[in-house]
Amino acid sequence: MTEPFEPKITAFVCNWCTYAGADLTGTSRIKYQSNVRVLRLPCTGRIDFMLLAKAFARGADGIIISGCHPNDCHYTSGNYHARRRWMIYRNLMDFMGIDTARITFSWVSAAEGAKWAELVNEVTTGIRAMGPYTEYKQLANAGVE
Amino acid sequence: MELREKAKQLLESGEVKAVIGYEPGTQGARRPAFASSAARTGRLGFEGEQNLASYVTRKEVKRLGRVAVAARPPVLRALLQLMAERQIKEQEVLPLVLDADGQVQELATAQAMEEHLALSPQQIPARDRELMDRLGGMTRQERWDFWQGELSRCIKCYACRNSCPMCYCEHCTMDCNRPQWVPVPSHALGNLEYHMVRAMHLAGRCVECGDCGRACPVGIPIHLLTFNAEESVHAQFGQRAGASSKLDYALSTFRPDDKETFIR
Amino acid sequence: MSENNIYLPYLLRIAKITEEAPSVRTFRLEFVDEEAASSFDFKTGQFGLYSAFGEGESTFCIASSPTRKGYIECTFREVGRVTAGLADKEVGDIVGFRGPYGNVFPIDQWRGKNLLFITGGIALPPLRSVIWNCLDLREQFKDITIVYGARSVNDLVYKHELKEWEERPDVNLVCTVDPGGETPDWTGKVGFVPLIVEQLAPSPENTIALVCGPPILIKLTMPLLKQLGFTPESIYTTLENRMKCGVGKCGRCNTGKSYVCKDGPVYTLDQLNQLPAEY
Amino acid sequence: MADMYQLASASLDPLFAAITASGRRILAPTDQDGRTELNPVTRFGQVAKDYVQTTLSAKEAVFPKVEQLLSYTLLPGKVDLVDAEPAAVPTVVFGIRPCEASGFQALDAVFNWDYRDKFFNARMEQLTVIGMGCTRRDDACFCTSVGGGPGSTRGSDILLTPTASGYLAEVQSDKGRAIVALAAKLFTPAAAADKSMLVALPAAFDQPALSAKLPAMFDSPLWAEQSLRCVGCGACAFVCPTCVCFDIQEEADTRQGRRLRTWDSCGYHMFTLHASGHNPRETQGARWRQRIYHKFSTYPERYGQLGCVGCGKCTRACPVDMNLQEHLVEASQA
């Protein structure tokens, strides 16, 4: 018997907006799917592009990246820098054939507890439909004799 | 005045300590050549492939003193970008170019370099453009298969990195091991992550000389990865690396109205 | 029948951790496998590759004496990935060890001779193995003199053993710290090691000198010893080049034609003089 | 003394079939997208027709670019260590040049001169080399300067030399005889060795004289001068059939890990860098010198053979035409 596929989703969120927003989701008793592992970073500006690649390499089927809305960054401009980086990185990943549909970028503020739940639910449903990201997971053992 | 004569003059007057150009190599190739005395200028020429700007940041070359460089447009762009990144100063390098009359001209200032470059528009070679378009037309899965096939041949010799004029870091992120950010072994994951990091680190900095791809001993078109990153900077932020010695790094700046379509 | 895997380490359990100096620790390691524990043997001067599983292998000498059975000790400073991984370990944790590798200090040939140890900072551990080896066979040697220095009092390693050597009547320990590194209650000398050696002016008569230290110590001490009349054959040191295999294959530890992992790590000054300075 | 046979051109297809049927994998040069590399084949027709050399070397068959040395599981207070067994499959390397075939002996010298390397040995044991004598050469070739030759049998279990009607097969070893036995009727005994089609390649320098003078040239400014254009990559070392230097790398998470051996190069700054920041070979000149000395001075002294077979792969792979032969000639004349 094979277990039904439960996607692993890694969420990289900023400390000030999205993490607080996700906290609000909890304190508001809004239920959402439990497939997400939240990794809190100080700011989206700190979310190095390689963290995304590392998440896939370590078995993530989907990735959420979320931080403060433009203009609301705790450090004034971290999210603007992050946005530029994503604009380039997303194109590059797509060019290399990495499945960018498995990566969701979002702005979730500290007041948007409901949006966080909605985001996680949507992403989880989407990734569940896509299935496991097998081809990336297989890289770990390919090319070693 | 032709290059050899100019080189001789510059070395004899002591204006530069070495002239870097090209000379006939073996196997019908032309290769980089260093002339450190007037007696050694006899084979120097402008024609060759390796981007000579990759030498001017090397410790062994910096130690020589001021150098003159036979500078085709990609070399000039790389030199300007190195100035923008504060890796070389105007007075450390003297680019030599051929003017419209076939005379060797000294471009002693960044401004002169920029003006000379403005004469020849920057273009990705047709063959590369064609392959990029072909890749663009593929499905994601086809692109994945294409790159996995290509990168499986990678032996991680770092010829691409070491040939690149913009890869001057003394301690490359590939060599960092606390943490071990990118796997050292040349297995599938190590190769993919290496080329991903290389392309991202060159986004907004790649002068599109294509030398990484040319250097690859196993013929992987890796230059297309940095081209993609650079083109995407140009398309979205409107600037090209190597255009000016005063260029801001595209990824360390931003505009509040940067336009994207994928963040929800 | 397949051959043995020469890259497979022994497993050792950390029995004791001693904090020696800032980011310098000594591990006492005991073999997990009893058979290995009883069959394992080494000679002073040899080294091994220690694994922090998860991080990799790093090369250090064996800092304990072969006369002390049942365990080996290593002393390391936390500087890189592997040593940081080792520094995270606690008593009871498992580390790997491959060895013993390399040549030895020929102490059998030194019977009846005076021994002069000159060392500084974190370079004492390789000589500590020799010192204890010789002290455990004390009657075989004549005078034993140890000149040891560090940047500051706090940077001296093996502080308890230094005290023990100081108290022993059959050891002449001269301890020094660099100017500015002394504490109010410091009773030892103040000054760089070569200077102290110069003041001490040891006699080369029937004496073997063992010098191990940072490049600057070696660079300044060697001419001094020569001046005092020591022959290049009577001066020993131990080299540490980067290694990956330890068994003469990975190709990086050579200095000229000599492989530090196989022909070294112990060299006389005479041997070093015949090699290019690739260390 | 080698057994000599004639092998008709048409016999290679049935020979390949017999080898494949015996369960052996055949690696042979194939042309793909303008690149000639060793790839698994089952028919002679797949083999490249017109090549001087493959870019990469056959050493990969016995010394892969990444191989696992061991793995482990981490448990509280316990480490479960698992020895790695190389998955060595019976392999015939077909059509490599005599220079490259002799490279296996240089690898063997290092892997087994003292401690024995079971990974190399397990793969080597399963390897049969069918070399192919050279009827062509290019500018990078210099085997005759380093003791080899277009028809040298050294390192080949069977050396095929093209003749007007097919091939001369010189069978050198039991492994070679085992291949002959697979299709004995294809091999007809030859009375004389016809090597008339082999290409001529005069020696370019006096290698013994060069090796003899190298120790005294260590401090020569020549090495720094020669290496000025070297970009310090590892292409030369990685394509070299004899370059054996390797790195050992650990890959692990909090629960398990593995130790991998990967190719490494003396051209890299990192190769000898100490943790303290001190580097015994700080400049590219010192690293280039190491490359030359290791092959032409250390090897002969230590292992009684050269660490270079004159195949020229390094020269062809170099992005800046660091022509090894040319530099050796220069050193010989310095």
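Condition check: surrounded by fewer than 21 Cβ atoms within 10 Å (Cβ to Cβ) and either at pLDDT 95 or above or over 16 Å from the mean Cα position of the chain (by Cα) (or both). Does residue A:82 satisfy that?
Details: surrounded by fewer than 21 Cβ atoms within 10 Å (Cβ to Cβ): no; either at pLDDT 95 or above or over 16 Å from the mean Cα position of the chain (by Cα) (or both): yes.
Spelling it out, it is not the case that residue A:82 is surrounded by fewer than 21 Cβ atoms within 10 Å (Cβ to Cβ) and either at pLDDT 95 or above or over 16 Å from the mean Cα position of the chain (by Cα) (or both).
Out of the strands (runs of 3 or more DSSP E) lying entirely within region D:1-107, which hold 2 or more residues that are without any contact (Cβ under 8 Å) to a residue 60 or more places away in the chain and of a type in the set (A, V, I, L, M)? Before the answer, list the steps.
Working: elements: D:3-8, D:25-32, D:35-41, D:66-75, D:78-83, D:91-96.
Correct list: D:35-41, D:78-83.
Residue C:208 - would you say it is at pLDDT 95 or above and either within 19 Å of residue C:151 (Cβ to Cβ) or within 22 Å of the chain's Cα centre (by Cα) (or both)? Please lay out each step first, then the result.
Numbers: at pLDDT 95 or above: yes; either within 19 Å of residue C:151 (Cβ to Cβ) or within 22 Å of the chain's Cα centre (by Cα) (or both): yes.
So residue C:208 fits the description; yes.
Let me spell it out: the conditions are (1) more than 13 Å from residue C:132 (Cβ to Cβ); (2) at pLDDT 95 or above; (3) touching a Phe, Trp or Tyr at 6+ places or on another chain (Cβ under 8 Å), and residue C:55 meets all of them except one. Which number is the exception?
(3) is the only condition that residue C:55 fails.
Is it true that some residue in region C:22-32 is more than 14 Å from chain D (Cβ to nearest Cβ), buried (at least 22 other Cβ atoms within 10 Å of the Cβ) and either out of contact with any His (no Cβ under 7 Å at 6 or more places or on another chain) or under 21 Å from residue C:85 (Cα atoms) (or both)? Show your work before the answer.
Filtering region C:22-32 for residues more than 14 Å from chain D (Cβ to nearest Cβ) gives C:22, C:25-28.
Narrowing the set further to residues that are buried (at least 22 other Cβ atoms within 10 Å of the Cβ) leaves C:27.
Checking which are either out of contact with any His (no Cβ under 7 Å at 6 or more places or on another chain) or under 21 Å from residue C:85 (Cα atoms) (or both) leaves us with C:27.
Within region C:22-32, one or more residues are more than 14 Å from chain D (Cβ to nearest Cβ), buried (at least 22 other Cβ atoms within 10 Å of the Cβ) and either out of contact with any His (no Cβ under 7 Å at 6 or more places or on another chain) or under 21 Å from residue C:85 (Cα atoms) (or both).
Conditions first: (1) over 30 Å from residue D:234 (Cβ atoms); (2) among the charged types (D, E, K, R); (3) in a helix (DSSP H, G or I). Residue B:246 passes all but one, so which condition is the exception?
It fails just one condition, (3).
So which residues in region D:301-334 are more than 17 Å from the chain's Cα centre (by Cα), assigned to a loop (DSSP other than H, G, I, E, B) and not small (Gly, Ala, Ser), if there are any at all?
Result: D:319, D:320, D:321, D:322, D:323.
Just for region A:118-132: of the residues that are surrounded by fewer than 21 Cβ atoms within 10 Å (Cβ to Cβ) and either in a helix (DSSP H, G or I) or touching a helix residue (DSSP H, G or I) at 6+ places or on another chain (Cβ under 6 Å) (or both), which one is farthest from the other protein chains (Cβ to nearest Cβ)?
Residues of region A:118-132 surrounded by fewer than 21 Cβ atoms within 10 Å (Cβ to Cβ): A:118, A:121-122, A:125-126, A:128-132.
Retained after the next criterion (residues that are either in a helix (DSSP H, G or I) or touching a helix residue (DSSP H, G or I) at 6+ places or on another chain (Cβ under 6 Å) (or both)): A:118, A:121-122, A:125-126, A:128-130.
Working: A:118: 10, A:121: 13, A:122: 9, A:125: 15, A:126: 12, A:128: 19, A:129: 16, A:130: 12 Å.
Across region A:118-132, the extreme among qualifying residues is A:128.
Being among the charged types (D, E, K, R), surrounded by fewer than 20 Cβ atoms within 10 Å (Cβ to Cβ) and either touching a residue at least 24 places away in the same chain (Cβ under 8 Å) or touching a helix residue (DSSP H, G or I) at 6+ places or on another chain (Cβ under 8 Å) (or both) is the requirement here; does residue C:163 meet it?
Numbers: among the charged types (D, E, K, R): yes; surrounded by fewer than 20 Cβ atoms within 10 Å (Cβ to Cβ): yes; either touching a residue at least 24 places away in the same chain (Cβ under 8 Å) or touching a helix residue (DSSP H, G or I) at 6+ places or on another chain (Cβ under 8 Å) (or both): no.
When the stated conditions are applied, residue C:163 does not pass them.
Inside region B:154-201, can you point out the residues that are of a type in the set (S, T, N, Q), crowded, with 23+ Cβ neighbours inside 10 Å and closer than 21 Å to residue B:229 by Cβ? I'd like the intermediate steps shown before the answer.
Filtering region B:154-201 down to residues of a type in the set (S, T, N, Q) leaves B:162-163, B:173, B:177, B:180, B:186, B:191.
Remaining after also requiring crowded, with 23+ Cβ neighbours inside 10 Å: B:162-163, B:186, B:191.
Correct list: B:162, B:163, B:191.
For region B:242-262, name all the residues that are more than 19 Å from residue B:82 (Cβ to Cβ) and either of a type in the set (Asp, Glu) or crowded, with 18+ Cβ neighbours inside 10 Å (or both). Even if it seems obvious, please write down each step before you answer.
Kept after step one, since they are more than 19 Å from residue B:82 (Cβ to Cβ), are these residues of region B:242-262: B:254-262.
Within region B:242-262, B:254, B:257, B:258, B:260 qualify.
What do you reckon, is residue B:230 acidic (Asp, Glu), in a loop (DSSP other than H, G, I, E, B) and closer than 26 Å to residue B:92 by Cβ? Steps first, please.
Values: acidic (Asp, Glu): yes; in a loop (DSSP other than H, G, I, E, B): no; closer than 26 Å to residue B:92 by Cβ: yes.
So residue B:230 fails the test.
Looking for something surrounded by 22 or more Cβ atoms within 10 Å (Cβ to Cβ) and free of Cβ contacts under 8 Å to residues at least 60 places away in the same chain - is there at least one such residue anywhere in region C:195-212?
No, every residue in region C:195-212 fails to be surrounded by 22 or more Cβ atoms within 10 Å (Cβ to Cβ) and free of Cβ contacts under 8 Å to residues at least 60 places away in the same chain.
Among the strands (runs of 3 or more DSSP E) confined wholly to region D:114-197, which include 2 or more residues that are of a type in the set (Gly, Ala, Ser) and more than 16 Å from the chain's Cα centre (by Cα)?
Details: elements: D:127-132, D:158-162, D:166-171, D:187-189.
Those strands (runs of 3 or more DSSP E) span D:166-171.
Which of the residues belonging to region C:110-129 are among the hydrophobic types (A, V, I, L, M, F, W, C) and assigned to a strand (DSSP E or B)?
First, pick out the residues of region C:110-129 that are among the hydrophobic types (A, V, I, L, M, F, W, C): C:110, C:115-118, C:122-124, C:127.
Across region C:110-129, the qualifying residues are C:115, C:116, C:117, C:118.
Can you tell me which of (1) modelled with pLDDT of 95 or more; (2) surrounded by 16 or more Cβ atoms within 10 Å (Cβ to Cβ); (3) more than 14 Å from the chain's Cα centre (by Cα) is the one residue C:148 doesn't meet?
The one condition residue C:148 does not meet is (3).
Could we say that residue B:234 is touching a helix residue (DSSP H, G or I) at 6+ places or on another chain (Cβ under 8 Å) and buried (at least 16 other Cβ atoms within 10 Å of the Cβ) here?
Details: touching a helix residue (DSSP H, G or I) at 6+ places or on another chain (Cβ under 8 Å): no; buried (at least 16 other Cβ atoms within 10 Å of the Cβ): yes.
Answer is no for this residue.
Run residue B:205 past the list (1) facing another protein chain (nearest Cβ under 10 Å); (2) touching a Phe, Trp or Tyr at 6+ places or on another chain (Cβ under 9 Å) and report the number of the one that doesn't hold.
All conditions pass for residue B:205, except number (1).
Test residue B:217 against the criterion of being facing another protein chain (nearest Cβ under 9 Å), in contact with a strand residue (DSSP E or B) (Cβ under 9 Å, 6 or more places away or on another chain), in a loop (DSSP other than H, G, I, E, B) and modelled with pLDDT of 95 or more, and give yes or no.
Details: facing another protein chain (nearest Cβ under 9 Å): yes; in contact with a strand residue (DSSP E or B) (Cβ under 9 Å, 6 or more places away or on another chain): no; in a loop (DSSP other than H, G, I, E, B): yes; modelled with pLDDT of 95 or more: yes.
When the stated conditions are applied, residue B:217 does not pass them.
Determine, yes or no, whether residue B:39 is of a type in the set (A, V, I, L, M), closer than 26 Å to residue B:213 by Cα, over 14 Å from the mean Cα position of the chain (by Cα) and more than 12 Å from chain D (Cβ to nearest Cβ). Outline the logic, then answer.
Numbers: of a type in the set (A, V, I, L, M): yes; closer than 26 Å to residue B:213 by Cα: no; over 14 Å from the mean Cα position of the chain (by Cα): yes; more than 12 Å from chain D (Cβ to nearest Cβ): yes.
No; evaluated as a whole, the condition is false for this residue.
Restricting to region D:295-311, give me the number of residues that are facing another protein chain (nearest Cβ under 9 Å), under 19 Å from residue D:332 (Cβ atoms) and in contact (Cβ under 8 Å) with a residue 40 or more places away in the chain. Before you say what the answer is, go through the steps one by one.
Start the filter on region D:295-311 by keeping residues that are facing another protein chain (nearest Cβ under 9 Å), which leaves D:297-298, D:301-302.
Still in the running and under 19 Å from residue D:332 (Cβ atoms): D:297-298, D:301.
Narrowing the set further to residues that are in contact (Cβ under 8 Å) with a residue 40 or more places away in the chain leaves D:297.
Result for region D:295-311: 1.
Those residues that are over 24 Å from residue C:56 (Cα atoms) and among the hydroxyl-bearing types (Ser, Thr, Tyr), I need them from region D:35-75; list them, please.
Residues satisfying the conditions are D:36, D:42, D:51, D:54, D:55, D:57.
Could you figure out which of (1) outside any strand (DSSP E or B); (2) touching a residue at least 40 places away in the same chain (Cβ under 8 Å); (3) at the interface with chain D (Cβ under 10 Å from one of its Cβ atoms) isn't true of residue C:89?
All conditions are met except number (3).
Does residue C:105 satisfy being modelled with pLDDT of 95 or more, in contact with a helix residue (DSSP H, G or I) (Cβ under 8 Å, 6 or more places away or on another chain) and crowded, with 20+ Cβ neighbours inside 10 Å? Let's see the steps before the verdict.
On the way: modelled with pLDDT of 95 or more: yes; in contact with a helix residue (DSSP H, G or I) (Cβ under 8 Å, 6 or more places away or on another chain): yes; crowded, with 20+ Cβ neighbours inside 10 Å: yes.
For residue C:105, the condition - modelled with pLDDT of 95 or more, in contact with a helix residue (DSSP H, G or I) (Cβ under 8 Å, 6 or more places away or on another chain) and crowded, with 20+ Cβ neighbours inside 10 Å - is met.
Can you list the helices (runs of 4 or more DSSP H) lying wholly within region B:86-153 that have 2 or more residues being among the charged types (D, E, K, R) and either more than 14 Å from chain A (Cβ to nearest Cβ) or in contact (Cβ under 8 Å) with a residue 24 or more places away in the chain (or both)? Walk me through how you get there before you give the answer.
Numbers: elements: B:110-118, B:126-137, B:140-151.
Those helices (runs of 4 or more DSSP H) span B:110-118, B:126-137.
So which residues in region D:232-245 are under 17 Å from residue D:281 (Cβ atoms) and at the interface with chain C (Cβ under 10 Å from one of its Cβ atoms), if there are any at all? Before you say what the answer is, go through the steps one by one.
Going through region D:232-245, the residues under 17 Å from residue D:281 (Cβ atoms) turn out to be D:232-234, D:236-237, D:243, D:245.
D:237, D:243, D:245, listed by residue number.
Could you list, in sequence order, all residues of region C:21-68 that are charged (D, E, K, R), assigned to a loop (DSSP other than H, G, I, E, B) and under 19 Å from residue C:162 (Cα atoms)? Break it down into steps so the answer makes sense when it comes.
Just the residues of region C:21-68 that are charged (D, E, K, R), to begin with: C:25, C:28, C:30, C:33-35, C:41, C:43, C:55, C:57, C:68.
Right, trim to assigned to a loop (DSSP other than H, G, I, E, B) and you get C:33, C:41, C:43, C:55, C:68.
Correct list: C:68 only.
The values are calculated or read from the model by the stated rules, or taken from the named source; none is laboratory data. These numbers were taken from a predicted model, which means no experiment stands behind them. Methodologically, a virtual Cβ is constructed for each residue, glycine included, from the backbone with ideal geometry; neighbour enumeration extends over all protein chains shown.
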